[in-house]
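The values are calculated or read from the model by the stated rules, or taken from the named source; none is laboratory data. No experiment lies behind these values; they were computed from the predicted model shown. Note that each Cβ is placed from the backbone with ideal geometry, even for glycine, and that neighbours are counted across all protein chains shown.
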Amino acid sequence: MFKCFFTSTRMVLSFVRKRKLIKKIIEMNKNLITDLGENYHYVQTIVKNKLELKKIELAETSADILGKTILILVLGSISLFALITLIIIAGVLIYSWTGSIIMTLGILFLLAMLIILIIFLSRRSIIYKPITNMIYSKLLKTK
């Protein structure tokens with residue numbers, strides 16, 4: 001009789017413990033699912049914010065490069081106007097020394113060809129490298 005009572009008591013206690021354990025596991029699963037959902041939303045927000053920051057950085061870099069390009073074009077236009085004016089003045093001076101329009105045009109043509117040759121031979125150091133360095137420094141700048 002006592003044996004049967006202890007056995008049934010053990011079974012009841014075992015059943016109660018199993019039920020409590022199952023409730024704890026279910027509660028832990030609910031908490032885990034809730035935590036995973038919250039973490040997913042946190043990660044989603046972080047990724048969205050990073051993407052927005054990259055868009056803003058790209059817009060800033062693009063605006064900076066566009067601004068420098070416009071500045072270079074304006075300065076180039078002014079420089080071209082100044083160069084044309086200097087060529088006209090040089091032509092008038094050379095004409096006053098030589099007295100011949102053909103000789104003046106020939107000398108101006110040779111000077112222009114010499115300038116073009118110098119620019120062509122040094123194009124990497126005076127054109128390509130500065131522009132490439134400017135673009136890389138703007139796109140790959142570190143903060």
Unique match (being touching a helix residue (DSSP H, G or I) at 6+ places or on another chain (Cβ under 6 Å) and at pLDDT below 90) among ILE65, ILE127: ILE65
Filtered residue count, region 123-143, keeping only those that are loosely packed, with under 10 Cβ neighbours inside 10 Å and of a type in the set (Phe, Trp, Tyr): 0
Pair list, Cβ under 6 Å, 6 or more apart: region 103-131 residue within 15 Å of ILE88 (Cα to Cα), other residue surrounded by 12 or more Cβ atoms within 10 Å (Cβ to Cβ) and of a type outside the set (Ser, Thr, Tyr): THR104/GLY91; THR104/ILE94; ILE107/ILE94; LEU108/GLY91
Set PHE109, PHE81, PHE120: member being surrounded by fewer than 11 Cβ atoms within 10 Å (Cβ to Cβ), more than 30 Å from SER62 (Cα to Cα) and not basic (Lys, Arg): PHE109
